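**Q** This is the structure I have questions about; it appears just below.
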Amino acid sequence: MRVVIVNKSDTTGGAAVVSFRLMEALRSAGVDARMLVAEKLSDSQYVAPAAGRLRLKASFIADRLRIAMANGFDRQTLFKLDAAAYGIDIINHPWVKSADAILINWINQGLLSLADIRRLGQSGKKIVWTMHDMWNLTGLCHHAGSCRRYTTPGLCGQCPLLGSQAGPHDFSEVVARRKERLYDEVPIDFVAVSSWLRRKSEESTLLHGRSVTVIPNAFQLPPRESLKRVASDGAVRLIFGAARLDDTVKGFPILIEAMKALKSTYPELASRTRLLLYGAIRDASLIERIPIEVEYVGVQHGMENISRLYLRSDIVLSTSHFETLPGTLVEGQAYGCVPVSFARGGQPDIIDDGTTGYLAEWSDDQSQAGANIAASIAQAVGLIELEGEAMRERMYESVSRKFSAAAVAGAYIALLQRPR
């Protein structure tokens with residue numbers, strides 16, 4: 001079987017990392033899998049640019065200009081919206097011509113247009129489209145937040161991110177109608193990387209009633225016997241990481257409130273708690289508001305560096321407002337960190353509450369949300385002190401069963417072999 005995975009990049013961004021892992025997992029399972037990208041940064045012989053640099057750049061500029069015209073040239077939302085209005089026609093690429101199936105991943109910002117995808121589908125290739133966020137089921141946005149316009153018969157419109165350009169039949173509705181026509185004309189097997197995303201798909205007007213299979217992202221799991229954790233010496237070590245810590249989605253203010261609640265409600269526990277932060281941050285003064293001991297190590301490149309951080313941590317935190325499938329929680333579990341998070345996305349696919357981690361109750365009040373996270377941290381500490389190594393064995397087994405390369409590759413192969 002020959003498969004081509006199409007993604008914006010092979011290494012930059014979450015979708016790129018998991019797409020590259022999927023390619024490797026499929027190749028290990030005997031599939032001739034390759035990648036076409038707009039940005040090639042790896043040295044893999046199985047990854048190639050979709051077109052020349054100038055052509056890709058021109059497509060990117062045209063794509064961003066169309067969004068800028070739609071949102072009133074608002075820089076704040078310029079990269080929160082995508083229309084797939086411009087792209088590269090890859091139908092005649094040698095890898096595509098010889099492929100049995102095309103696996104579409106994150107293709108926005110000038111890589112593939114909706115028209116390009118229609119041509120791929122009409123060529124007779126099997127099309128599998130992996131959704132890493134909500135873009136396939138909305139008009140323009142990747143995360144709808146509290147907006148529910150994607151569930152209405154009107155197919156979006158009145159888009160909150162279009163500002164003064166919003167209206168009943170705005171650009172979000174125009175693009176949603178284009179997606180609807182594409183989905184009607186081309187047989188597509190959609191993959192949601194979490195159960196939460198499939199539920200969102202079922203709620204949506206665009207994808208309701210269409211084929212959506214849940215297959216999680218593949219993660220690189222270290223051999224269990226190779227894990228050499230660093231002793232804590234009685235300290236409780238928390239770890240919190242993101243590409244950008246103060247991205248509004250990541251809920252950094254809730255993290256601050258959680259540490260305040262930990263100090264006020266569990267003073268003995270707080271006195272021996274250490275918080276390790278990694279990732280970029282624009283407003284470093286936010287770190288100074290955390291009332292417990294903090295170690296900030298900045299941006300970390302490569303799993304080898306991040307794995308060392310997990311091995312000297314006990315609990316991995318996520319306070320995000322929503323996450324499709326938070327990789328830090330999966331990785332943390334594999335390296336022996338108990339995950340604590342909200343059930344605001346794909347977290348329940350990762351965490352069996354009270355068994356392989358804790359799911360705190362969400363609250364729109366930041367102070368209460370932080371208090372709920374603090375209470376779950378206290379529960380996690382109790383479980384670690386009670387079960388220790390048995391807990392880590394249980395988490396590793398759970399991650400291996402759900403997210404190993406072999407398990408994910410097997411699920412994709414079964415979908416690829418399914419009759420149309």
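**Q** Which percent of the accessible heavy-atom area of the chain goes to carbon and sulfur, probe 1.4 angstrom?
**A** Accessible surface attributable to carbon and sulfur in the chain totals 50 percent.
**Q** List, in the order given, every pair from Lys40/Lys97; Lys8/Lys125; Lys97/Lys402; Lys40/Lys228 whose Cα-Cα distance in the structure shown is over 28 Å. List each step's numbers first, then the result.
**A** Details: Lys40/Lys97 21 Å; Lys8/Lys125 20 Å; Lys97/Lys402 33 Å; Lys40/Lys228 34 Å.
Long pairs (Cα-Cα over 28 Å): Lys97/Lys402; Lys40/Lys228.
**Q** Can you give the Kirkwood hydrodynamic radius of the range 41-129 from its Cα pairs, in Å with one decimal?
**A** The answer is 14.1 Å.
**Q** Suppose R0 equals 25 Å. What FRET efficiency, 1/(1 + (r/R0)^6) with r the Cβ-Cβ distance, do Glu397 and Cys147 give to the nearest 0.05?
**A** That pair, Glu397 with Cys147, gives E of 0.05.
**Q** Using all alpha carbons of the range 108-172, what is the percent of pairwise distances in each 10 Å bin, ordered from the shortest bin to the longest?
**A** Calculated over all Cα pairs of the range 108-172, the distribution is 19, 42, 30, 8, 0 percent.
**Q** Taking the inverse of the average 1/r across all pairs of different Cα atoms in the range 319-420, what Kirkwood radius in Å do you get?
**A** The answer is 14.6 Å.
**Q** If you don't mind, another one. For the range 1-82, go through all pairs of different Cα atoms, get the mean of 1/r, take its inverse, and jot down that Kirkwood value in Å.
**A** 14.1
**Q** Another question about this same structure. Could you sort 142-152, 200-210, 290-300, 245-255 so that the peptide with the highest average Cβ count within 10 Å comes first and the rest follow in order?
**A** 245-255, 200-210, 142-152, 290-300
**Q** Write down, largest first, the equivalent ellipsoid semi-axes of the range 269-358 in whole Å, where each equals the square root of 5 times an eigenvalue of the alpha-carbon gyration tensor.
**A** Output for the range 269-358: semi-axes of 21, 15, 15 Å.
**Q** Here's another thing I want to ask about it. Tell me, in nm to one decimal, what length is gained between Asp353 and Thr213 on full extension, where the rule is 0.36 nm per residue of separation less the Cα-Cα distance?
**A** 48.0 nm
**Q** Kindly express, to the nearest 10 degrees and within the range 0 to 90, the angle between helix 389-403's C-alpha long axis and the longest C-alpha principal axis of the chain.
**A** 0
**Q** Which whole number of Å³ per residue matches the convex hull of the alpha-carbon atoms in the chain?
**A** Cα-based convex hull of the chain, divided per residue, equals 139 Å³.
**Q** Show which aspartates and glutamates lie in cross-link reach of Lys250 when reach means a straight Cα distance below 19 angstrom and same-chain residues fewer than eight apart are skipped.
**A** Result set, ordered by chain and number: Asp133, Asp283, Glu288, Glu295, Glu323, Glu331, Asp349, Glu361, Asp364, Asp365.
**Q** Protein chains only, probe 1.4 Å: how do Phe342, Phe73, Phe322, Phe171 rank by accessible area, largest first?
**A** On the way: Phe342 0, Phe73 135, Phe322 40, Phe171 20 Å².
Ranking Phe342, Phe73, Phe322, Phe171 by accessible area, largest first, yields Phe73, Phe322, Phe171, Phe342.
**Q** Out of the DSSP beta bridges found with both residues in the chain, what percent are antiparallel (nearest 5)?
**A** Counting DSSP beta bridges with both partners in the chain, the antiparallel share is about 0 percent.
The values are calculated or read from the model by the stated rules, or taken from the named source; none is laboratory data. Predicted model only: the values in this text are computed from it and were never measured. As a convention, Cβ positions derive from the backbone with ideal geometry for all residues, glycine included, and neighbour counts pool all protein chains shown. What goes into the accessible areas is simple: the full protein's heavy atoms, side chains included, and nothing from ligands, DNA or RNA. Shrake-Rupley method; radii C 1.70, N 1.55, O 1.52, S 1.80 Å.
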